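> Pasting a structure below so you can have a look.
The values are calculated or read from the model by the stated rules, or taken from the named source; none is laboratory data. It should be emphasised that the depicted structure is a prediction, and the values quoted were computed from it without experimental measurement. FYI the Cβ positions are ideal-geometry reconstructions off the backbone, even for glycines, and counts take in every protein chain you see. Ligands, DNA and RNA are stripped out before the accessible areas are found, and what is left, the full protein with its side chains, is counted by its heavy atoms. Shrake-Rupley method; radii C 1.70, N 1.55, O 1.52, S 1.80 Å.
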Amino acid sequence: GKRKAEGDALVGPDFLTTLQAPEGERDEDVVIEFKNTLTKVETAVKTLFTNSVEQTNRYRTLYKKDLDTLGHSFVALGSSLNSRVPAIEKIGDNFFNLANVVEAHATKSWDPMVHLLHDYKGLVASWNDILSAYQSCRDRQKELETSAGEKEKIVSRTRLNLYRTGLLCEMSHFLQEIETDLNHATQVLVYEEMNHYKDMANRMETLYNSCWGGGSESLAQSVHIQQNASV
């Protein structure tokens, strides 16, 4: 199988010779629209990639450091009181744990988006060469229409139609792939964000019950009664 494939002459650009391309330029507007869309996509991908990297770094550095600092502060206060208020040191320990949670969150939630956008930065940029080559082919064909013989004109038109057909196929495939990939990546992002904040809330509720018992609902009711009384 491998040797047969290596001996296949119809691979790479030569595959275009097997296509049966329609005459005319009826799909030229599709190419122009794709080119305009690609320009906007390239800018948007670069922007989101930069922002996603920044978000990942915040979780791994800034947010983690803040939680570690809060943990040390609470533990220090609790120790200074010789643990007379146990809740204070428990809160400090909880902040230490949350520091590890946010670091792991970056890996689960934002890293997949960063990796995908990094790939698409390269994929989108590569289209510039492809579209430039197609434009050169078009320009050459226009020149031949005014200067070449009839036979050469026909060959040139056929060549351009083949190139356009192959280009349209690649465009369609690219749009299908980016739609599928981005839909999956954003689904993972939102799912992991939901799980992250649920986990944070559950950890805080467990901390509350450990320190004061009775469930956070009782405190919420008490605060609500006090607010109504003060109105």
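> Let me spell it out: the conditions are (1) farther than 22 Å from residue 37 by Cβ; (2) within 25 Å of the chain's Cα centre (by Cα); (3) among the small types (Gly, Ala, Ser), and residue 122 meets all of them except one. Which number is the exception?
So residue 122 meets the others, but not (1).
Yes or no, residue by residue, for (1) in contact with a Leu (Cβ under 7 Å, 6 or more places away or on another chain); (2) modelled with pLDDT under 95; (3) within 30 Å of residue 93 (Cα to Cα):
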{"residue": "162", "(1), (2), (3)": "yes, yes, no"}
{"residue": "171", "(1), (2), (3)": "no, yes, no"}
{"residue": "180", "(1), (2), (3)": "no, no, no"}
{"residue": "186", "(1), (2), (3)": "no, no, no"}
{"residue": "208", "(1), (2), (3)": "no, yes, yes"}
{"residue": "211", "(1), (2), (3)": "no, yes, yes"}
{"residue": "223", "(1), (2), (3)": "no, yes, yes"}
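> Can you tell me which residue is farthest from residue 192 (Cα to Cα) among those in segment 89-106 that are aliphatic (A, V, I, L, M) and open to solvent by 30 Å² or more (accessible area, probe 1.4 Å)?
Our first condition is that a residue be aliphatic (A, V, I, L, M); within segment 89-106, this holds for 91, 98-99, 101-102, 104, 106.
Applying the additional criterion that residues be open to solvent by 30 Å² or more (accessible area, probe 1.4 Å) yields 91, 104.
Working: 91: 25, 104: 11 Å.
Checked segment 89-106; the qualifying residue farthest from residue 192 (Cα to Cα) is 91.
> Collect the residues in segment 73-86 that are assigned to a helix (DSSP H, G or I), open to solvent by less than 70 Å² (accessible area, probe 1.4 Å) and at pLDDT below 95, keeping them in residue-number order.
Within segment 73-86, none qualify.
> Go through the residues of segment 93-106 one by one and say whether even a single one is at pLDDT below 85 and out of contact with any helix residue (DSSP H, G or I) (no Cβ under 6 Å at 6 or more places or on another chain).
Keep residues of segment 93-106 that are at pLDDT below 85, which gives none.
No, segment 93-106 has no match at all.
> Which of the following residues is within 30 Å of residue 118 (Cβ to Cβ), assigned to a helix (DSSP H, G or I) and at pLDDT 95 or above: 89, 54?
Going through 89, 54 in turn, just one is within 30 Å of residue 118 (Cβ to Cβ), assigned to a helix (DSSP H, G or I) and at pLDDT 95 or above: 54.
> When you check residue 102 against the structure, is it β-branched (Val, Ile, Thr), farther than 18 Å from residue 205 by Cα and assigned to a helix (DSSP H, G or I), yes or no? Explain how you work it out, then say what you get.
Details: β-branched (Val, Ile, Thr): yes; farther than 18 Å from residue 205 by Cα: no; assigned to a helix (DSSP H, G or I): yes.
Spelling it out, it is not the case that residue 102 is β-branched (Val, Ile, Thr), farther than 18 Å from residue 205 by Cα and assigned to a helix (DSSP H, G or I).
> Restricting to segment 112-127, count the residues that are open to solvent by less than 70 Å² (accessible area, probe 1.4 Å) and touching a residue at least 40 places away in the same chain (Cβ under 8 Å).
So in segment 112-127, the residues open to solvent by less than 70 Å² (accessible area, probe 1.4 Å) come out as 112-114, 116-117, 120, 122, 124-127.
After this cut, where a residue has to be touching a residue at least 40 places away in the same chain (Cβ under 8 Å) as well, the list is 112-114, 116-117, 120, 124-125, 127.
Within segment 112-127, residues that are open to solvent by less than 70 Å² (accessible area, probe 1.4 Å) and touching a residue at least 40 places away in the same chain (Cβ under 8 Å) number 9.
> Only one residue in 70, 19, 38 is closer than 19 Å to residue 125 by Cα and either open to solvent by less than 50 Å² (accessible area, probe 1.4 Å) or modelled with pLDDT of 95 or more (or both). Which one?
Working: 70 fails: closer than 19 Å to residue 125 by Cα; 19 fails: closer than 19 Å to residue 125 by Cα.
One residue alone meets the criteria, 38.
> Which of (1) open to solvent by less than 70 Å² (accessible area, probe 1.4 Å); (2) not in a helix (DSSP H, G or I) is the odd one out, the single condition residue 109 does not satisfy?
(2)
> Within segment 144-159, is even one residue more than 23 Å from the chain's Cα centre (by Cα), within 17 Å of residue 30 (Cα to Cα), modelled with pLDDT under 95 and surrounded by 14 or more Cβ atoms within 10 Å (Cβ to Cβ)?
no
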